[in-house]
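The structure appears below as structure tokens.
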Amino acid sequence: MDNLQGKTAFITGGASGMGLGIAKACAREGMNVVIADFRQRAIDEALELFRSQGWPVHGICLDVTDREAYVRAADEAEAVFGKLHVLVNNAGISTFEPQITKGVYDWKDIDFDIDVNYKGVLNGIVIITPRILKHGGGGYVVSTASMSGLVPVPGFPMYDSLKMAVITLMEELAIELQGTGVGAAAFCPGPYSTNLGKTSGELRQKHLGVEPPKFEPPRDKDGKPIRFEMPKDIDFSKMTREADEAGERVVRGIKRGDLYILTHAEFKEGWVARSEAIARAFPDEPINPDFKRVFPMNVNNPIFTTQKPVPAFEYVKKN
Ligand SMILES: NC(=O)c1ccc[n+]([C@@H]2O[C@H](COP(=O)([O-])OP(=O)(O)OC[C@H]3O[C@@H](n4cnc5c(N)ncnc54)[C@H](O)[C@@H]3O)[C@@H](O)[C@H]2O)c1
């Protein structure tokens with residue numbers, strides 16, 4: 001999608017953190033922006049900011065897990081701005097996860113994680129994508145996964161596996177959308193400075209009305225807690241990035257037609273180690289030469305070749 005001017009973006013979780021960063025980056029491209037978020041107070045603050053810049057915006061209080069409300073939100077967005085072109089499924093939560101084998105995992109927490117981090121994305125795709133396809137003017141669907149879907153972080157089995165599921169979902173969507181003028185991307189950020197911890201706790205309380213489970217550090221095979229000792233000479237604030245930078249990266253990915261929008265090159269090492277481990281695990285057996293002719297889409301997928309190399313991103317801080 002080269003020209004975003006005058007088009008409309010529908011962004012879930014758009015009132016805070018990276019969603020807000022994406023919303024601002026879209027507005028700077030001349031887009032109309034719909035900020036759909038579960039926290040009205042945060043929406044109000046975001047709307048004030050947008051209006052002070054003269055950016056066209058509409059706020060909708062939406063819980064992405066509520067499918068009926070989502071359909072109403074999509075109707076409302078179309079009533080305000082006409083056609084929808086870009087959907088960003090960015091709303092997500094991250095709560096402390098006790099180890100899944102310890103028997104203290106509350107089913108309510110498991111369902112809450114799946115509902116927001118996976119079904120919320122699926123709901124957006126099912127409800128909004130047909131509307132983007134219908135007008136024929138092209139568009140893009142981006143879903144925020146995480147670098148931890150590519151390189152799992154110990155202690156977050158639900159979060160990491162759901163984010164990996166989102167990446168696969170976006171690959172499937174990209175395959176389905178080929179030739180339609182609508183693209184699809186999985187956005188996999190590394191660590192960014194946002195409100196995720198605070199908003200996740202607030203929303204969990206709102207959804208479940210219960211206190212968070214006690215945090216249990218992940219343990220090694222001898223039962224010792226796995227702890228990461230922060231090197232004393234490191235300033236942690238320099239390890240995370242600004243949410244606005246993430247927003248600019250997402251817009252660049254949409255304009256480039258990327259399938260994967262990645263951030264921190266530091267994680268490439270872990271991804272390569274993971275994919276090489278899986279490659280090593282294939283049994284050393286002769287290959288049936290006819291297999292690929294019968295099951296071409298099973299053994300490989302041409303969608304992977306659509307991803308072009310990505311040059312370094314030069315971030316220039318803006319208002
Ligand atoms: N912050 C990071 O380092 C990081 C890294 C990788 C991925 N992510 C992902 O980035 C996305 C954005 O998170 P963030 O870090 O900007 O946090 P954030 O808390 O600042 O923003 C998330 C927004 O999503 C909204 N939200 C949550 N659940 C919702 C629901 N059910 N319906 C509608 N809105 C809902 C929240 O109200 C909040 O405004 C999430 O999907 C998160 O998992 C974050």
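Throughout, read-outs are computed from the coordinates displayed, never taken from laboratory work. Keep in mind it's a predicted model, so treat the numbers as computed, not measured. In this analysis, Cβ positions are derived from the backbone assuming ideal geometry, glycine residues included, and neighbour counts consider all displayed protein chains.
Look at CYS188, CYS61 and count the other Cβ atoms within 10 Å of each Cβ; fewest to most, that gives CYS61, CYS188.
Ordering ILE278, PHE291, ILE234 by the projection of their Cα atoms onto the charge dipole of the range 223-314, which places +1 on the Cβ of Lys and Arg and -1 on the Cβ of Asp and Glu, puts PHE291 at the extreme positive end. Our summary gives the chain a relative contact order of 19 percent, counting only alpha carbon pairs under 8 angstrom and 6 or more residues apart. Distance from the alpha carbon centroid of the range 232-300 to that of the range 175-190 works out to 15 angstrom.
How high is the relative contact order of the range 136-279, in percent, counting Cα pairs under 8 Å that sit 6 or more residues apart?
30 percent
Counting Cα-Cα pairs of the range 259-319 in 5 Å increments starting at 0 gives whole-percent bin shares of 3, 11, 13, 19, 19, 13, 9, 6, 3, 2, 2, 1. For the range 7-86 versus the range 98-161, the inter-centroid distance based on Cα atoms is 19 Å.
Considering all C-alpha pairs of the range 95-164, those separated by over 17 Å amount to 53%. Candidates PRO191, THR305, LEU150 compared by Cα position along the dipole of the chain: farthest toward the positive end lies THR305, with charges placed on Cβ.
Within the range 134-170, whose backbone N sits under 18 Å from a point 7 Å along Cα→Cβ of ILE234? The answer is 147-148, 151-156. Taking Lys and Arg as +1 and Asp and Glu as -1, the other residues whose beta-carbon sits under 9 Å from that of HIS207 total +1. For the chain, would you read off the P(r) tail past 32 Å as a percentage of all alpha carbon pairs? Of the Cα pairs, 30 percent sit more than 32 Å apart.
Using a simple charge model, +1 on the beta-carbon of Lys and Arg, -1 on the beta-carbon of Asp and Glu, nothing else, what dipole does the chain show about its Cα centre, in debye to the nearest 20?
Details: 38 positive and 42 negative charges, 99 e Å.
In debye, rounded to 20, the chain gives about 480.
The three principal axes of the Cα atoms in the range 1-90 give end-to-end lengths of 32, 25, 20 Å, sorted in falling order.
The local environment of ASN3, defined by Cβ-Cβ distances under 12 Å, has a net charge of 0 under the rule Lys, Arg +1 and Asp, Glu -1. Helical runs (DSSP H, four residues minimum) scored at -39500 (n - 2.57) apiece and divided by the length of the chain put the mean residue ellipticity at 222 nm at -13500 deg cm²/dmol. Net charge in the neighbourhood of ILE132 (other residues with Cβ under 13 Å of its Cβ; Lys, Arg +1, Asp, Glu -1) is +2. Of the peptides 138-147, 22-31, the ranking by mean beta-carbon count within 10 Å, highest at the top, reads 138-147, 22-31.
Expressed in units of 2.2 N^0.38 Å, where N is the residue count, the Cα radius of gyration of the range 41-92 is 1.20.
The listed peptides 168-178, 307-317, ordered by packing as a protection proxy, come out as 168-178, 307-317 (highest mean of other Cβ atoms within 10 Å first).
May I ask you to list, by number, the DSSP H helices of the chain whose Cα span along the axis is at least 27 Å and whose average Kyte-Doolittle hydropathy reaches 0.5 or more?
Membrane-span-like by this criterion, though nothing is claimed about a membrane: 157-177.
Taken over the range 52-193, the convex hull of the Cα atoms encloses 134 Å³ per residue. Pairs from the table (LYS198/LYS268; LYS134/LYS206; LYS24/LYS232; LYS134/LYS163; LYS119/LYS206; LYS198/LYS221) lying more than 25 angstrom apart at Cα are LYS198/LYS268; LYS134/LYS206; LYS24/LYS232; LYS134/LYS163; LYS198/LYS221.
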